[in-house]
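FYI, it's all coordinate maths here, none of it is from the lab. From a predicted model like this one, the values you see are computed outputs, not experimental measurements. With ideal geometry, Cβ positions are generated from the backbone for all residues, glycine too; neighbour counts draw on all protein chains shown.
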Amino acid sequence: MTQHRKTRFAPSPTGYIHLGNARTALFNRLFGQTFLLRIEDTDQERSRPEYTTALMEDLRWLKMDWDEGPASGQADQYFQSRRQAVYDRYYRQLEAQGRVYPCFCSPDDLVRSRKLQRLEGKPPRYAGTCAHLKPDEIQARLDQGLEPTLRFRVPAGRTIEFDDLVRGKQRFDTDTIGDFIIRRADGTPAFFFCNAVDDALMEVTHVLRGEDHLTNTPRQLLILEALGLRPPRYGHISLIVGEDGAPLSKRNGSRSIRELRRQGYLPLAVINLLARLGHRYTVESLQTLEQLQAGFSIDHLSRSPARFDPHQLDYWQQQAVHQADDETLWQWLNADSRSTIPPEKRAAFLALVRSNCVFPDQAAEWATILFRDEFPLTGQAREILAQTDSTFFRTALEAFQAHRNQWKSFLQTLQAQSGVKGKRLFKPLRAALTGRLDGPELPRLHELLGAEKILTRLSKWA
Ligand code: GLU
């Protein structure tokens, strides 16, 4: 029997989620049969509750709801800041086992020591200054009021091996790993520790995370081994890079999920882009979350960096708008557009949006053009209107009065009577009717504008 896969997303609420961590969340959501959300908010200075609220909203907006986490039942247990008692219990266990020691080195001491190591050409790691303090030396420092951190004693001369889900066999020599801090001086847990302990306690079976965490993994495996807890399987996914090849950041094009939402991207567009950043799909068309889930495979994760191309995002956006159902599109429109569109024109307007718009602001322009009396003219439309003789519009007006419900007959009559055809006929018509030269097919415009508006707009230039 294959194991039930439980994955998780474990963000630190120190900012809005952006393309990079949303992709990590998505891969875990797609791979896991149960998907857990845990808030890693132990850094009291940088974590903010509004970021937790925002990230939950963003995940829900992306339709990446979690099966287990802050909204389900016992919320507290999914916030690391509220689990101190749990961590304290495991610190005591490690203390009793002699696997940890208090460290009184100040940040300045550590900086100096690292400098020295660098000068000596050694890789910087904890020099072991406090590793062998005697009980009375420890007591003397505590009596001075010094607040120690707690360090994990890394066993010497061992090789830590694990089979990374993405990168295959990994080996780390423990002699290259310095004793590391698992509890800060203020008593709160360090990342290595609570992250590993919680994955084990929450029975997470698989962890997909950024490759920047790869070197943390041997440390976390050592902690779990010392505690007798079962580690998850780890998989380290490749970084996302910008078009300049540098890791994706604000500077080279990363955007927060909030920002994308504000700009009018549809969640399905964002998900289709993210799912393909570092994961190969055999199907190239827009997929629902369920379809992306069915096609997701660890074997299709790439080891080389994934390049983010903003044009791809817009491509998926166009696909998502094109395929969105009426209700989704309606909700996606700006409130102002919704109040401008007459109910009986709603379906026809949405059909126009599907083939002509990519963002709500473009749809808003069309709502203004079609349903308001005042609408802007583009420079090109102005030019065409200036070049067109008013007799053309008078002829058009008469032809339209005769065939107000038959667009085709109207055009034929206009063509015959004005002696003008092709672009020279369509451009001035479009310019007068919509103030621009591009847009939906003319019969659809006819349907959306209605005869009265067409008459008014033609007479303006006649
Ligand atoms: N809180 C960590 C982060 O946001 C989680 C890393 C992990 O997924 O293990 O980087």
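Given a Förster radius of 56 Å and the C-beta distance between ALA71 and ASP373 as r, what FRET efficiency does 1/(1 + (r/R0)^6) yield to the nearest 0.05?
Rounded to the nearest 0.05, the efficiency is 0.75.
Considering every pair of different Cα atoms, what Kirkwood radius, in Å, is found for region 207-250?
12.1 Å
Tell me, what is the percent relative contact order of the chain, built from C-alpha pairs under 8 Å that lie six or more residues apart?
Over the chain, the number comes to 12 percent.
Please enumerate, by chain and number, the lysines with C-alpha under 27 Å from the C-alpha of LYS408, excluding those fewer than 8 residues away in the same chain.
The reachable lysines, counting only those whose Cα sits under 27 Å from LYS408, are LYS345, LYS421, LYS423, LYS427, LYS453, LYS460.
Would you mind classifying region 1-44 by shape? Square roots of the alpha carbon gyration tensor eigenvalues, ordered a ≥ b ≥ c; an a/c under 1.5 is rounded, otherwise it is prolate if a/b is larger than b/c and oblate if not.
The shape class here is oblate.
For labels at LYS122 and ASP88 in the simple 7 Å Cα→Cβ model, what's the distance in nm?
Here the answer is 3.7 nm between the modelled labels.
For the chain, give me the percentage of DSSP beta bridges that are antiparallel, rounded to the nearest 5 percent.
55 percent
Given a Förster distance of 22 Å, report the FRET efficiency between ASP326 and GLN263 from their Cβ-Cβ distance, rounded to the nearest 0.05.
Calculated transfer efficiency: 0.50.
Can you give the extra length, in nm with one decimal, that the chain gains between ASP143 and THR188 once fully stretched, where that is 0.36 nm per residue apart less the Cα-Cα distance?
Using 0.36 nm per residue and subtracting the Cα-Cα distance, I get 14.1 nm.
How many nm separate the modelled label positions at ARG307 and GLN170, each set 7 Å beyond the Cα in the direction of the Cβ?
Once both label points are built, they end up 2.6 nm from each other.
In Å, what Kirkwood hydrodynamic radius results for the chain from the alpha-carbon pair distances?
26.8 Å
Rounded to whole Å, give me the distance from the Cα center of region 347-424 to that of region 225-246.
So the two Cα centres are separated by 56 Å.
By the gyration tensor of its Cα atoms, with a ≥ b ≥ c the square roots of the eigenvalues, what is the shape of region 225-329: rounded for a/c under 1.5, prolate for a/b over b/c, or oblate?
Here region 225-329 falls in the prolate category.
Which of rounded, prolate, oblate describes region 303-459, given a ≥ b ≥ c as roots of the alpha-carbon gyration tensor eigenvalues and a/c under 1.5 marking rounded, otherwise prolate only if a/b is larger than b/c?
It is prolate, given that a/c is not under 1.5 and a/b is the larger ratio.
What FRET efficiency, computed as 1/(1 + (r/R0)^6) with R0 = 56 Å and r the Cβ-Cβ distance, is obtained for THR391 and GLN291, rounded to the nearest 0.05?
0.45
Tell me what the chain gives for mean residue ellipticity at 222 nm when only DSSP H runs of n ≥ 4 count, each as -39,500 (n - 2.57), the sum divided by the residue total, rounded to 500 deg cm²/dmol.
Mean residue ellipticity, 222 nm, calculated: -14000 deg cm²/dmol.
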